[in-house]
Every structure is written in structure tokens, then in C-alpha cells.
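Peer 1: Pasting in a structure now, in C-alpha cells, and then I'll have a few things to ask.
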Amino acid sequence: MKPSSAYVMLAAVLPISAAIFAAVPATNAQQSATASPAPTHMFPAPTNLQVLPKDLTGAQVRDIMNGWEDALGVDCSTCHVRNPNDLAPNGRPRFNYADDSKQEKKTARVMYTMVDTINTNFVSRVPNSGVPVSCGTCHRGHLSPEPYNPDAETHRKLETPPAEGAAPAH
């Protein structure tokens with residue numbers, strides 16, 4: 001049975017997240033805490049997954065979202081709204097991750113689906129490609145990718161169809 005492309009993308013994201021966290025040096029407080037384990041943060045099960053696999057845990061979704069934050073240069077508030085009626089222990093409103101009111105969240109779903117389609121239907125068919133596209137392929141740490149502005153001659157070549165009978169340019 002072939003794994004779904006969403007799982008393939010997840011398999012690519014999780015090891016990167018683990019490598020990033022492993023590369024962070026431990027602080028003195030973390031080193032001295034080896035005698036007593038630090039409390040683990042519980043991430044609630046996601047309740048509104050529409051394009052990611054529905055069986056992901058809260059921690060898995062958090063890891064994916066952290067990767068998207070880095071690739072887009074954003075934070076949680078870009079896509080998620082805070083619920084003023086649900087306060088965290090620090091007194092700040094918690095995010096309502098299931099809320100779909102922000103256009104950025106809707107756009108993120110479309111873009112995730114696009115990346116998944118490109119990897120599944122195109123990149124996977126290129127012999128020896130082995131390199132899937134990701135959010136960072138275009139965004140490179142910015143919410144909006146920088147536009148490609150070719151010079152006039154390049155633009156003319158891109159827009160002019162090949163002459164009849166001519167081999168397509170590669």
C-alpha cells in the first residue's frame with residue numbers, strides 16, 4: 001500500500017524538526033533538571049484538520065506548524081485568532097486553532113494542497129528528483145514570495161511561443 005503524500009510530507013517535516021531541536025544546546029537549568037524530569041506540555045488533539053491527515057496528534061501538528069512558521073517568517077497569530085474567553089495561566093488569551101475566520105488560514109490550506117499536488121503529481125514523476133517542493137521553496141522565510149521580474153528579453157522569450165515546427169526550448 002502506497003503512503004499518502006500527506007504522510008510523505010509529514011515524514012519529511014518531523015525529522016527536520018527533531019534535528020533542529022537536537023541542535024539547540026541545553027541550558028544550565030535543563031542540565032540540572034536531569035534528576036527530575038521536566039513537565040511535558042500537552043497539546044490537545046486537533047479538531048478541525050481539513051487538509052492534514054486527521055489522525056495526527058497535537059504535537060505532530062505543532063511540529064508541522066513550526067516548520068511553516070519558519071518557511072513563511074510568521075507566527076501563530078498570522079492564521080489563528082485568540083479567544084478572549086479562554087485565558088492561559090499567564091493571563092493571555094489562548095489561540096482558537098479550530099477557528100476558520102482568518103483568510104490566511106484558508107490560503108494556507110490551498111497552498112498546502114498545491115504543494116502536495118506538485119509533489120505527488122509532478123516531482124514524483126521526475127526521475128531521480130528526490131527533492132520535494134515545500135513552502136520554503138518559494139517563500140524563503142517571507143509571507144509573500146518575492147516576485148520574479150525577468151528583464152525584457154527574458155520576458156519576451158518566456159512569452160513567445162516557439163515557431164511552428166521548432167523544438168520546444170528547455
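The values are calculated or read from the model by the stated rules, or taken from the named source; none is laboratory data. Since the structure is predicted, the reported quantities are computational estimates derived from the model, not experimental observations. Positions of Cβ are generated from backbone atoms using ideal geometry, with glycine treated the same way; all protein chains shown enter the neighbour counts.
Peer 1: Pro161: outside any strand (DSSP E or B) and either under 20 Å from Thr47 (Cα atoms) or not hydrophobic (A, V, I, L, M, F, W, C) (or both), yes or no?
Peer 2: Working: outside any strand (DSSP E or B): yes; either under 20 Å from Thr47 (Cα atoms) or not hydrophobic (A, V, I, L, M, F, W, C) (or both): yes.
Yes, satisfied.
Conditions tested, residue by residue: (1) surrounded by 14 or more Cβ atoms within 10 Å (Cβ to Cβ); (2) assigned to a strand (DSSP E or B); (3) of a type in the set (S, T, N, Q).
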{"position": "Trp68", "(1), (2), (3)": "yes, no, no"}
{"position": "Ala71", "(1), (2), (3)": "yes, no, no"}
{"position": "Ser77", "(1), (2), (3)": "no, no, yes"}
{"position": "Asn90", "(1), (2), (3)": "no, no, yes"}
{"position": "Asp99", "(1), (2), (3)": "yes, no, no"}
{"position": "Lys105", "(1), (2), (3)": "yes, no, no"}
{"position": "Ala108", "(1), (2), (3)": "yes, no, no"}
{"position": "Met111", "(1), (2), (3)": "yes, no, no"}
{"position": "Met114", "(1), (2), (3)": "no, no, no"}
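Peer 1: It is to be established whether one or more residues within segment 152-159 are surrounded by 13 or more Cβ atoms within 10 Å (Cβ to Cβ) and either touching a residue at least 60 places away in the same chain (Cβ under 8 Å) or among the charged types (D, E, K, R) (or both). Let's see the steps before the verdict.
Peer 2: As a first pass, look at segment 152-159 and keep what is surrounded by 13 or more Cβ atoms within 10 Å (Cβ to Cβ): none.
Checked against the condition, which is being surrounded by 13 or more Cβ atoms within 10 Å (Cβ to Cβ) and either touching a residue at least 60 places away in the same chain (Cβ under 8 Å) or among the charged types (D, E, K, R) (or both), segment 152-159 yields no hits at all.
Peer 1: Could you tell me whether segment 50-63 includes any residue that is touching a residue at least 12 places away in the same chain (Cβ under 8 Å), under 24 Å from Leu143 (Cα atoms), in contact with a strand residue (DSSP E or B) (Cβ under 6 Å, 6 or more places away or on another chain) and not hydroxyl-bearing (Ser, Thr, Tyr)?
Peer 2: Scanning segment 50-63 turns up no residue that is touching a residue at least 12 places away in the same chain (Cβ under 8 Å), under 24 Å from Leu143 (Cα atoms), in contact with a strand residue (DSSP E or B) (Cβ under 6 Å, 6 or more places away or on another chain) and not hydroxyl-bearing (Ser, Thr, Tyr).
Peer 1: Please state which one of Glu153, Glu146 is modelled with pLDDT under 95, of a type outside the set (A, V, I, L, M) and assigned to a helix (DSSP H, G or I). So that I can check it myself, show each step before the final result.
Peer 2: Working: Glu146 fails: assigned to a helix (DSSP H, G or I).
The match here is Glu153.
Peer 1: Shifting gears a bit: Enumerate the pairs (first residue in segment 117-133 and under 23 Å from Leu52 (Cβ atoms); second residue anywhere and in a loop (DSSP other than H, G, I, E, B)) with beta-carbon separation below 7 Å, excluding pairs fewer than 6 apart on the same chain, so at least 6 apart or on different chains.
Peer 2: Close Cβ pairs satisfying both conditions: Ile118/Val133; Asn119/Pro132; Asn119/Val133; Val123/Ser129; Val123/Pro132; Val123/Val133.
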